[in-house]
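The values are calculated or read from the model by the stated rules, or taken from the named source; none is laboratory data. Every value quoted in this text rests on a predicted model; they were computed, and no experiment measured them. Note: ideal-geometry Cβ built from the backbone for every residue, glycine included; neighbour counts use all protein chains shown. When the accessible area is computed, the model is the full protein with side chains, heavy atoms only, and any ligands, DNA or RNA have been set aside. Shrake-Rupley method; radii C 1.70, N 1.55, O 1.52, S 1.80 Å.
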Amino acid sequence: MTPELTVLALAALLQFAQFTLMAVPANLELGPGKTLSPRDRARMGGSMEEQLSPRTARLYRAMNNHFEGLILFTIAVVVVTLSGQANALTAACAWIYLAARILYVPCYAFGWTPWRSLVWAAGFVATFVIVASTLL
């Protein structure tokens, strides 16, 4: 397996971890009546995120942000792998992406600014470089 595919698998495991980090406190804060419901705004008395504590709401947003970033990263890994253009640069960028996504969780959870944005940008740029390198 290429380093890029290994990192993609680890990024998927990170998504599972982020879900757990968010879901456990969310269930404790909201209770099963809300978390097991269809989550209709009227039934819940507003959006789920609005009812969470600030830190749990940040973990929720960080998890959703990783879903968005993971889509682009997956595309990058598929393109570089299927085109046979994986190399030391794309492997390094994949590891940078994963490190950035891991660091992003505490940066967001604890509200560390501007670090959260800088860490996010590192992962985004690393993903961009992977894709761009296949076209050059």
Environment charge at Tyr60 (Cβ cut-off 15 Å; Lys +1, Arg +1, Asp -1, Glu -1): +2
Relative packing of 94-101, 122-129, which averages over residues the other C-beta atoms within 10 Å, highest first: 94-101, 122-129
Of the DSSP H helices in the chain, those whose Cα atoms cover at least 18 Å axially and whose Kyte score averages 1.0 or more: 3-30, 88-109, 115-135
Debye log10 I(q)/I(0) at q = 0.17, 0.20, 0.23 Å⁻¹ for region 41-116, Cα point scatterers: -0.75, -0.89, -1.02
Portion, in percent, of the accessible area of the chain that falls on carbon or sulfur, probe 1.4 Å: 72
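With a 1.4 Å probe and all protein chains left in place, how much accessible area per residue does region 67-136 have, in Å²?
55
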